[in-house]
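Comments concern the structure below.
The values are calculated or read from the model by the stated rules, or taken from the named source; none is laboratory data. Every value quoted in this text rests on a predicted model; they were computed, and no experiment measured them. Cβ placement follows ideal geometry from the backbone for every residue including glycine, while neighbour counts extend to all protein chains displayed. The protein model used for the area step is the full one, side chains on, heavy atoms only, and it has no ligands, DNA or RNA in it. Shrake-Rupley method; radii C 1.70, N 1.55, O 1.52, S 1.80 Å.
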Amino acid sequence: MLNIVLFGPPGAGKGTQSERIIEKYHLTHISTGDLFRKNIKEGTELGLRAKSFMDAGNLVPDEVVVGMVDDFLEHHRDAEGFIFDGYPRTTPQAEALDRQLENMGHPIAAMLSLAVPDEELKARLANRGKTSGRPDDQDPEKINNRISVYYRETQPVMDYYKAQGKYVEIHGLGDIEEIFSSISDAIDQLS
Ligand code: B4P
């Protein structure tokens, strides 16, 4: 079983690269952002709890996210491995993930961290906002808030994995397939 965290600021390309990773390595994809958006669309109680935080570009409270991931892992016990996309986003979430995987007997092998400059992130998200219909992509102020929240609350998760010797930085600027090739090289070195 291979478990990988795909990390990076908003718009770094986590969702984009995850699609390629799951196809090549047959991992099960868990994107907490996608799960929340699905729940919002279906009007579930979980979706209602998450919506106001997401729309403003803030993080959904840890207990809500961790509970949702618990539930997902419970329903995918036969997976060959997981790609965690957008989770963990806080140090308490990283600690929770270690506990969650300890129960399954397969810890995180590596955190692959996509490094992209802020100006490029803002341009990508604003561009996606033209077609995505996502409230958090529409407004430059919300985009700026998401990037600030990343530096304040999410970036410390890097140190958590650095301390475990699992941090790998990936250059995230440029051609999508070239970035995927760097990710593949990093994953191939794990096995
Ligand atoms: P997410 O859904 O995780 O999304 P994201 O950060 O917006 O984007 P991602 O990095 O996946 O970007 P993508 O590949 O799509 O989070 C949304 C919200 O959900 C959060 O703000 C938060 O409120 C909530 N949430 C989710 N998880 C949470 C958690 N664990 N705890 C608390 N709250 C949580 O790429 C973006 C754009 O760039 C796309 O248009 C893409 O086509 C383009 N692109 C990608 N790679 C490119 C490249 N190399 N060159 C040019 N463009 C590129």
Listed by first then second residue, the pairs whose first member lies in the range 37-61 and is touching a residue at least 24 places away in the same chain (Cβ under 8 Å), whose partner is part of a loop (DSSP other than H, G, I, E, B) and among the polar types (S, T, N, Q), with beta carbons under 8 Å and at least 6 positions apart or on separate chains, are Leu59/Thr90
Asp62 passes all but one of the listed conditions (1) acidic (Asp, Glu); (2) over 17 Å from Glu102 (Cβ atoms); (3) open to solvent by 70 Å² or more (accessible area, probe 1.4 Å); the exception is number (3)
* Asked: Taking the condition assigned to a helix (DSSP H, G or I), open to solvent by less than 10 Å² (accessible area, probe 1.4 Å) and either of a type outside the set (Asp, Glu) or touching a His at 6+ places or on another chain (Cβ under 7 Å) (or both), does Ala186 pass?
  -> no
Within the range 50-94, the residues that are among the basic types (Lys, Arg) and within 11 Å of the ligand (Cβ to nearest atom) are Lys51, Arg89
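For the range 1-94, please list each of the strands (runs of 3 or more DSSP E) lying entirely inside it that holds at least 3 residues being in contact with a Pro (Cβ under 9 Å, 6 or more places away or on another chain).
Numbers: elements: 2-7, 28-31, 81-85.
Where strands (runs of 3 or more DSSP E) fall fully within the range 1-94 and carry at least 3 residues being in contact with a Pro (Cβ under 9 Å, 6 or more places away or on another chain), they are 2-7.
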> Among the residues of the range 38-49, is any among the β-branched types (Val, Ile, Thr) and open to solvent by less than 10 Å² (accessible area, probe 1.4 Å)?
Replying inline: no
